[in-house]
Structures are given as structure tokens and as C-alpha cells.
Amino acid sequence: MSDRYTIAVDVMGGDFGPRVTVPACVEALKRHSRLIIKLVGNREIIAPLIQTADPSLSSRLQIVHADDTVAMSDKPSQVLRNGQETSMYKALQLVSENLAQACVSAGNTGALMVLGRFILRTLPGIDRPAIISPVPTEKGHCYVLDLGANVDCSAEHLLQFAIMGSVMTTAVEGIGSPAVGLLNIGQEEIKGNEQVKLASRLIEERGGLNYIGFVEGNDLYSGIADVIVCDGFVGNIALKSSEGLARMISQKLQTSFRQGLYRRLLALLARPILGELKAQMDPSRRNGASLLGLQGIVIKSHGAANQTCFGFALDQAVAEIEQDVPRRISAEIEHKLT
């Protein structure tokens with residue numbers, strides 16, 4: 001690998017656009033001395049935002065002009081047909097032309113997935129890309145995939161997801177033999193639909209993984225597995241339900257602590273513990289979901305990410321570049337499934 005690596009950033013995507021993404025890119029250059037960032041978007045908006053950056057940093061920023069932006073409400077099919085001038089399309093194109101090693105966007109998830117698959121194509125042996133992201137557990141965090149890219153999956157797809165998730169966890173986390181579980185409605189072999197039962201057999205027989213079998217929803221955050229595999233329908237519902245539950249608990253605690261002087265005093269005493277817990281549970285600290293299975297690295301940031309959180313997505317891209325995740329996935333797929 002060369003001494004430098006390049007990330008193409010769709011700076012126009014997300015709820016806040018360049019006023020968040022551009023400063024986050026400048027800060028990322030301070031953390032990663034070998035990093036070059038191509039800022040893809042409207043030049044007239046981007047240029048003033050980097051004028052005050054230190055020259056040693058601004059020299060590693062390159063603006064790639066794009067006339068248009070993918071809106072969060074745009075249909076992926078429309079973007080595929082008419083989105084060639086959008087910042088998202090051009091950022092992905094830079095990766096396909098080997099002018100960048102990764103793309104980071106906080107934009108429309110559906111459009112990013114469709115464009116990524118169209119422009120970059122999937123790796124040989126991979127039928128569909130999958131969205132993978134870390135979630136907090138009692139022991140730290142684990143990676144879950146798919147989180148919404150594929151509503152309907154075959155057993156073969158789940159096998160591919162298991163291999164990709166295991167490879168990425170080894171590469172990024174340094175875990176030699178990640179424990180892989182398959183999300184199901186029970187741990188017994190007779191539980192689940194035929195698709196999940198067949199996927200379990202395939203993973204056990206052909207995956208060559210540290211497969212621990214079925215895990216239930218209440219084990220999602222226990223730390224029993226390093227990688228948990230499911231289809232996108234189940235994964236997205238599980239993730240959103242968990243986020244909603246965490247938000248409700250937080251709101252109820254705040255309401256309870258405001259009821260009376262005694263409880264307010266308790267809140268003051270508990271503040272350090274609650275702050276530590278909030279930091280551990282905050283999903284934004286793990287911002288940056290990977291679209292695994294493409295012939296290039298694509299990182300999806302949460303649309304509402306602030307500057308710090310968008311920086312985490314950039315860090316994720318750097319980690320995957322340094323560990324050459326797509327090549328490692330391709331090698332494992334070829335070894336195990338061909």
C-alpha cells in the first residue's frame with residue numbers, strides 16, 4: 001500500500017451538509033497524517049469553509065465539484081437514472097476509478113446502496129452487499145449485519161454475510177476467531193423458519209467460522225457473539241426497536257429525577273454514573289456503518305451526525321483502508337465458497 005490513502009467524502013449529504021462534514025474532514029486530517037480527502041460537492045459552498053484551515057491540512061484537501069445533491073426523499077431508482085451529477089454519485093465514481101480507496105456519505109441510505117452496487121459492483125462470490133455496524137454489549141460491542149439493505153435473504157446470502165462479518169471483525173478489531181451467531185427466535189435446532197435453519201447448516205458446514213449457533217434477541221447485547229447475522233428486515237427492526245427503548249428509558253429517568261427535591265439531589269449524585277452509561281450506550285460513538293461486499297469501501301454515516309460523530313465514520317473508513325477489508329473478504333469468499 002502507498003504511503004498515502006484517499007477518502008472521497010460526499011460532503012453535501014446528511015441533515016447538516018458541509019457545515020458539519022467539512023470541519024469533520026479537517027479534524028480527521030489531524031488524526032491521520034497519511035490521509036488525503038476529496039471533498040465532493042458544491043465548490044462555492046465548500047471553498048469558504050476550508051479557507052481558515054491550517055495550510056498543512058488544506059494541502060491535503062481537494063475539492064471535486066458536483067452540481068447536484070441526493071435528497072433524503074429521493075427514490076433510489078430516480079437517483080440511479082438521473083443522479084450522475086450528484087455528489088454521492090461522483091464520490092463513488094472516484095472509488096471505482098481508483099482515485100480514492102473509500103467513500104463516506106451521510107446521505108440517502110437507499111440511494112447509496114443502489115449506486116454503490118451499480119458503480120462499484122459486488123465482489124466475486126457475493127450476491128448482495130450488506131450493512132454492518134457495531135452495537136454496544138455488556139462486554140464492549142459486537143457487529144450486526146444485515147441492518148436493512150436486504151429485506152429478503154436466502155440461506156446462501158446469510159452464509160455470505162457471516163463470512164464477511166467475521167473477516168471484517170478480524171481485520172478491524174484484531175479478533176483472531178470471532179464468535180459468529182445467527183439471530184433466531186430460539187437456540188434450539190428446531191426453532192426458526194426453513195431459511196434460518198438451512199443457513200445455520202451452511203454456516204456450520206461451509207463457513208469455516210467460529211460458529212456458536214443460534215442466538216436470541218435477548219442475547220443481542222450480552223456479548224455472547226462478536227458477529228450476529230440476520231436478514232435486513234429483522235436486523236433493522238431489532239436495531240430501531242433497541243434505539244427507541246434506550247431513548248424511552250433515558251426520557252423516563254430524566255422525568256423521574258425532576259420530581260421533587262430529594263430526587264434532584266439523587267440525580268446530582270448519580271450524574272457521573274449516568275454520564276458514563278450514556279457514553280457507553282450512545283450509538284453515535286459507533287457512527288459509521290459499512291456496506292460490505294462491494295469492490296470498494298463505502299461507509300454510511302447517520303444523517304443526523306454532528307461533527308464529532310461524522311469523524312467516527314471517517315475513522316472507520318481509514319481503518320478499513322489500512323486493513324484492506326475488501327481484498328480480505330474476497331480472499332475468504334474464494335477460499336470457502338469456491
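The values are calculated or read from the model by the stated rules, or taken from the named source; none is laboratory data. None of these values were measured; they are calculated from a predicted model. Quick reminder, even Gly has a Cβ in these numbers, built from the backbone with ideal geometry, and neighbours come from all protein chains shown. Ligands, DNA and RNA are excluded from the accessible area calculation, which covers all protein heavy atoms including side chains. Shrake-Rupley method; radii C 1.70, N 1.55, O 1.52, S 1.80 Å.
Structure notes:
- Mean Cα-pair separation over length for the chain, i.e. relative contact order, pairs under 8 Å, 6 or more apart, %: 22
- Region 29-35 - phi-based ³J(HN,Hα) in whole Hz, Karplus 6.51/-1.76/1.60, Gly and Pro as x: 5, 5, 7, 10, 5, 9, 8
- Listed residues 253, 220, 147, most fluctuating in the chain (Gaussian network, C-alpha, under 10 Å): 253
- Over the chain, DSSP H runs of length four or greater, each weighted -39,500 (n - 2.57), average out per residue to a 222 nm ellipticity of -15500 deg cm²/dmol.
- For the peptides 52-63, 127-138, 176-187, 160-171, the ranking by mean Cβ contacts within 10 Å, running from highest to lowest, is 160-171, 127-138, 176-187, 52-63.
- Accessible area per residue, Å², the chain with all protein chains present, probe 1.4 Å: 48
- With both labels modelled 7 Å from their Cα along Cα-to-Cβ, the residue 201 to residue 65 distance reads 6.0 nm.
- Directionally averaged projected area (convex hull, Cα atoms, region 285-338), nm²: 4.0
- Separation of the residue 241 and residue 44 label points, Cα + 7 Å toward Cβ, nm: 4.9
- Kirkwood hydrodynamic radius of region 35-182, Cα pairs, Å: 17.6
- The spacing between region 43-117 and region 283-337, judged by their C-alpha centroids, is 16 Å.
- Label sites at residue 322 and residue 250, each approximated as a point 7 angstrom past Cα along Cα to Cβ, lie 2.8 nm apart.
- Over all pairs of different C-alpha atoms in region 147-303, the reciprocal of the mean inverse distance, the Kirkwood hydrodynamic radius, equals 17.7 Å.
- Top of 237, 36, 299 by mean-square fluctuation, Gaussian network on the chain, Cα under 10 Å: 237
- Stokes-Einstein diffusion coefficient of region 87-130, Kirkwood radius over Cα pairs, 25 °C, 0.890 mPa s, in µm²/s: 228
- Percent of C-alpha pairs per 10 Å bin in the chain, short distances first: 6, 25, 31, 23, 12, 3, 0.
- A Cβ-based charge dipole, computed about the Cα centre of the chain with Lys and Arg at +1 and Asp and Glu at -1, lands at about 1020 debye.
- Listed residues 105, 73, 96, most fluctuating in the chain (Gaussian network, C-alpha, under 10 Å): 73
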